[in-house]
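Below: one structure in structure tokens.
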Amino acid sequence: MSRAQEQAQSQSPAVKPITRRELLNYIWLGSLGVFLAEFAGLGVIFAFPRFREGEFGGVFRLGPAAQLPEVGSSPQPNSEGKFWLVHLPEGVLALYRVCTHLGCLYNWQEAENKFICPCHGSQFQKDGTYITGPAPRSLDRFVVRVIDPNTGQVVAETDPKGKGPVAVPGEEYIIAVDTGALIRGDPR
């Protein structure tokens, strides 16, 4: 071997083979990195839920006000939206179908003209106001919006404090219930 070849070999770094321990450490760190990335991705998905229209937690378009139950008629249940639609002389309400006591599903009792929880006996007026029983407050409500069919603009909306129903200006206006916007009932 010539002197030049010996110098070239001595100057080039020798490649050190990877040990078994280093390989296992790289695999372990790589799998930990993949796990943390998946965990972060799930965190983002749960932090920003996406509700579609017509799905609980989203908006339910009920159609024109002409399709609402008549004023003074029995409240109409909406199973997909989990609310009772009540049409009073003052306007429209959407009452959450879960009792404020322990989360039971209450029913409308036509003979007694009030909502009664079958589990613990809490009673509420047609507008969701507390009457009697162990419930700590009146029924919770969802935000109801009245939308102009021509412009798509919101004409009227439930008061943020949840006081009273929403007045519907005409039969052509569209009623929408936002089940993602819950208004807690007044304490008894």
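The values are calculated or read from the model by the stated rules, or taken from the named source; none is laboratory data. What you see is a predicted model; the values in this text were computed from it and never measured. So basically every Cβ, Gly included, is an ideal-geometry build from the backbone, and we count neighbours across all protein chains shown.
Within the range 112-132, does at least one residue satisfy the condition of being polar (S, T, N, Q), in contact (Cβ under 8 Å) with a residue 24 or more places away in the chain and either outside the structural domain of ASP148 (by TED's automatic domain parsing) or touching a Lys or Arg at 6+ places or on another chain (Cβ under 7 Å) (or both)? Break it down stepwise before answering.
Step one: filter the range 112-132 for residues polar (S, T, N, Q), giving 113, 122-123, 125, 129, 132.
Those still in the list that are in contact (Cβ under 8 Å) with a residue 24 or more places away in the chain too: 129.
Filter once more, keeping what is either outside the structural domain of ASP148 (by TED's automatic domain parsing) or touching a Lys or Arg at 6+ places or on another chain (Cβ under 7 Å) (or both): none.
Checked the range 112-132: no residue is polar (S, T, N, Q), in contact (Cβ under 8 Å) with a residue 24 or more places away in the chain and either outside the structural domain of ASP148 (by TED's automatic domain parsing) or touching a Lys or Arg at 6+ places or on another chain (Cβ under 7 Å) (or both).
Checking the structure you have, find out if any residue of the range 153-164 is of a type in the set (Asp, Glu), under 21 Å from the mean Cα position of the chain (by Cα), closer than 20 Å to LEU88 by Cβ and surrounded by fewer than 17 Cβ atoms within 10 Å (Cβ to Cβ).
yes
Continuing with this model, one more query. Right, PRO69: modelled with pLDDT of 80 or more and in the same structural domain as THR158 (by TED's automatic domain parsing) or not?
Working: modelled with pLDDT of 80 or more: no; in the same structural domain as THR158 (by TED's automatic domain parsing): yes.
No, not satisfied.
Right, here's the next one. Filter the range 92-121 down to the residues that are part of a strand (DSSP E or B) and under 17 Å from the mean Cα position of the chain (by Cα), then identify the one that is nearest to GLU157 (Cα to Cα). So that I can check it myself, show each step before the final result.
Applying the first criterion (part of a strand (DSSP E or B)) to the range 92-121 yields 92-96, 98, 105, 107-109, 114-116.
Remaining after also requiring under 17 Å from the mean Cα position of the chain (by Cα): 94-96, 98.
Details: ALA94: 12, LEU95: 15, TYR96: 17, VAL98: 22 Å.
Result: ALA94.
GLY152 is checked against (1) touching a Gly at 6+ places or on another chain (Cβ under 7 Å); (2) assigned to a loop (DSSP other than H, G, I, E, B) and fails just one. What number does that condition carry?
Only one criterion in (1) touching a Gly at 6+ places or on another chain (Cβ under 7 Å); (2) assigned to a loop (DSSP other than H, G, I, E, B) is unmet by GLY152, namely (1).
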